[in-house]
Amino acid sequence: MDISVVIPVYGCKAALPELYRRLTESLSQITDKYEIILVDDNCPQNSWEEIVKICQKDEKVKGFHLSRNFGQIRAITAGLDKSKGDWIVVMDCDLQDRPEAIVELYQKAQEGYDVVFARRTERVDTAVTKFLSKTFYKVYDYFTDGAFDSSICNFSISKRKVINSYCSMREHNRAFTMFIRWLGFKETAIDLKADARFEGTSSYNLKRKLKMAFEIITSQSNKPLFFSVHAGFLIALCSFLYIVYLMIRALVVGDVLSGWTTIVASIYLMGGLLLIAIGVVGIYIGNIFEEAKNRPLYVIAEALNEKE
């Protein structure tokens, strides 16, 4: 198998026939030995019906139906685990990633790269979405001491050895692009224009994006713990200096500043900071608890055209 294309499916049921048509046209320009892996992440639109039709029509298409919604990254992992190609493409199902660009990714990879990412230009998103994306990666860079380009997306092509290494990492809080880059293989990126979604809107609302951001940062960096420690030391130092100031004022001037408002404000400030610090520690303990259970990343309820 020369090329595997892994696609998590959630929403955009109407896009699947067009996605399949454009994929087969593009992949046939490279090789006849390819496979298309569609992983239905328990789509509420019942995209599995469309996947079944495509699989019945073409044996080169493999379909996997997850027992429940496990999330995009775990659906990608399921597809990667089942892929057999020497080169593996990961892309979305909403046709924002243009299937025709696979040829460009593959050609660039033949120059000696292990991984080639797509860098989205003229991104078709709202201003709020772009702002949140850039903000997240700025925060992520700070906590991980990295430098990540917010325009780089999951759309990519990778060698088999890269995907094997990625699949060997079985963390529950996972990310695709960040884990691939962490592996350290020779990589590059090419500029590709992103199209508008074929239908509907993204299922990643603000709440889900924030949850994912907390999971990714706390699963890959312990810097938030040190940040809370530094904040505690800073507050303790300020408190100590304030106490020294009050003692000097009492000895020199003969009075001490007092006030119920100041005391209450200080108590609430310290209480809030303590809760934040405990919360940060709690998140890490929760991550440890999740990993210690060692549950499977996904459960496949049904598979089509899978051959051992």
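Annotations for the structure displayed:
- Scanning segment 92-111 for residues that are aliphatic (A, V, I, L, M) and either open to solvent by 60 Å² or more (accessible area, probe 1.4 Å) or not in a helix (DSSP H, G or I) (or both) yields a total of 1.
- Scanning segment 59-91 for residues that are assigned to a loop (DSSP other than H, G, I, E, B), in contact with a strand residue (DSSP E or B) (Cβ under 8 Å, 6 or more places away or on another chain) and either over 21 Å from Phe117 (Cβ atoms) or open to solvent by 30 Å² or more (accessible area, probe 1.4 Å) (or both) gives Lys60, Ser67, Lys84, Asp86.
- Within segment 7-32, the set of residues being among the basic types (Lys, Arg) and surrounded by 14 or more Cβ atoms within 10 Å (Cβ to Cβ) comprises Lys13, Arg22.
- Summed over segment 155-181, the residues that are over 17 Å from Lys82 (Cα atoms) and open to solvent by 30 Å² or more (accessible area, probe 1.4 Å) give a count of 2.
- On inspection, Glu35 passes the criterion of being under 24 Å from Ile163 (Cα atoms) and assigned to a strand (DSSP E or B).
- Within the option set Ile7, Ile30, Ile3, Ile88, being of a type in the set (A, V, I, L, M) and within 22 Å of Ala301 (Cβ to Cβ) holds for one residue only, Ile7.
- Per this entry, Val299 is counted among residues that are out of contact with any helix residue (DSSP H, G or I) (no Cβ under 7 Å at 6 or more places or on another chain) and modelled with pLDDT of 75 or more.
- Where Glu25 falls short, out of the listed (1) farther than 18 Å from Leu304 by Cα; (2) among the acidic types (Asp, Glu); (3) part of a loop (DSSP other than H, G, I, E, B); (4) touching a residue at least 24 places away in the same chain (Cβ under 8 Å): (3)
- Unique match (being under 24 Å from Ile73 (Cα atoms) and at pLDDT below 70) among Glu199, Glu290: Glu199
- Any hit, segment 38-56, residues being within 30 Å of Gly112 (Cα to Cα) and of a type outside the set (Asp, Glu): yes
- Within the set Ile88, Ile73, the sole residue that is in contact with a Phe, Trp or Tyr (Cβ under 8 Å, 6 or more places away or on another chain), among the aliphatic types (A, V, I, L, M) and within 30 Å of Thr188 (Cα to Cα) turns out to be Ile73.
The values are calculated or read from the model by the stated rules, or taken from the named source; none is laboratory data. The structure displayed is predicted, hence computed values, not measured ones. Neighbour counts run over all protein chains shown; Cβ positions are idealised from the backbone, glycine included. Just the protein is used for accessible areas: all its heavy atoms, side chains included, with ligands, DNA and RNA removed. Shrake-Rupley method; radii C 1.70, N 1.55, O 1.52, S 1.80 Å.
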